[in-house]
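Shown next, in structure tokens, is the structure this report addresses.
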Amino acid sequence: MQITEVTVFTYKANYNYGTYTMSGGRVNDGEPSLVIRIRTDSGIEGWAENAPLGSDYLPSSFTGELAALKELSPKILGLDPRSPASVAAVLDRHMLSGLAAKSIIDMACWDILGKSVGLPTHVLLGGNLAKEVPAFCVIGFGDPVSAVKKAKAEAAKGVIAMQLKVGDDPLEDACRIRAIYEALPKNVRLFPDANTGWNIEQAVTYCRALGQDITIPLEQPCRTLADSAEVGRRTGVPIIADEYLVAAHKAGITGVNIKLSRVGGFTKARILRDTAVALDMMVTVDDTWGCALTTAQNTQLAASTRPDRLRAVDIYTEWTNPMIADVARMQPNGFVVPDDLPGNGFGTINQDILGEPLFTIVA
């Protein structure tokens, strides 16, 4: 089997709740998503998606990853997509950057691999270890009253895991997080995320102000791994880092957030996930932005993760639109049941939403 065509589309993945907020005054109402279709000489085609969350979140941006796709796409023509690791090696030899671009090429290849053997991608990534996986939502900034109102509304929908945005004024953030914690049932898993918005002093101030009676994990409090680990040492609060696994574990960090587009797709995310589980770390499966296909991709990795090491998975279809394909949705109990469809687990692509392609590369 050989890759014969690469086509890239885009659409805007809109935020369902008005304005999405993060530390440092970062706000938006949605992001343009990159969607790739890879065709083969056997007639099987693979799809994947990623939307960088602006230009001030990670070292990726829509324009940068689009340029990377234009440069990388000709390099994979003629390759066998059923060997994603071989494709990834070609991409890495050609370009050091462009991880989000590489990720959607990689995940589209896994989609083809799954379809070619008639198996869901999560089976190929390690097996269906979880018949259902816990979904999480994001609660942004706001005054305590409005934040509690939104958190309770999400809990009423069945959500049992929530990422709570912090990273601005530590005292105000602590007040808001305590209000949410006290208002929700204790079965709801909370993990505030500062998106590296604090220094050590600010992060420690937040932890002390939150109170010793509330010990919930804190994600990415500081810009460096060393500073984030120091916050954990000083406060006893479990710290969640991004993908720096071995160094994070040595520093005493107990959890990792794996974003598929940040590490280059399933091929490398699987290695990181398995390493984290082997080190007895908790794993959150996430990505930067998107909607239907991002949700399907996240679910594949989450479903093949040991349930006792999986914190939660980001289900974008619960808070973005439009849906370019049918995918598994959150159930009333707050879990997602992985789809058994071959490949990455989505139905027919609605190309009317995607419109005309940005470009096509043909062998």
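Looking only at the stretch 130-189, how many residues end up being aromatic (Phe, Trp, Tyr) and under 17 Å from the mean Cα position of the chain (by Cα)? The number of residues fulfilling the criteria is 1. Looking across the stretch 197-252, just one residue is at pLDDT 95 or above, over 24 Å from residue 25 (Cα atoms) and of a type in the set (Ser, Thr, Tyr), and that is 235. Applying the criterion of being assigned to a loop (DSSP other than H, G, I, E, B) and out of contact with any helix residue (DSSP H, G or I) (no Cβ under 9 Å at 6 or more places or on another chain) to the residues of the stretch 141-175, the residue that is farthest from residue 192 (Cα to Cα) is 158. Number of residues in the stretch 29-88 that are of a type in the set (D, E, K, R), modelled with pLDDT under 95 and buried (at least 18 other Cβ atoms within 10 Å of the Cβ): the value is 0. Of the strands (runs of 3 or more DSSP E) contained entirely in the stretch 1-103, those carrying at least 1 residues that are among the hydrophobic types (A, V, I, L, M, F, W, C) and within 27 Å of residue 343 (Cα to Cα) fall at 3-15, 30-40, 45-50. Only a single item in (1) over 21 Å from residue 57 (Cβ atoms); (2) crowded, with 16+ Cβ neighbours inside 10 Å; (3) among the charged types (D, E, K, R) is not met by residue 172, and it is number (2).
The values are calculated or read from the model by the stated rules, or taken from the named source; none is laboratory data. Keep in mind that this is a model prediction, so the values were computed, not measured. Glycine gets a Cβ as well: all are built from the backbone with ideal geometry, and neighbour counts include every protein chain shown.
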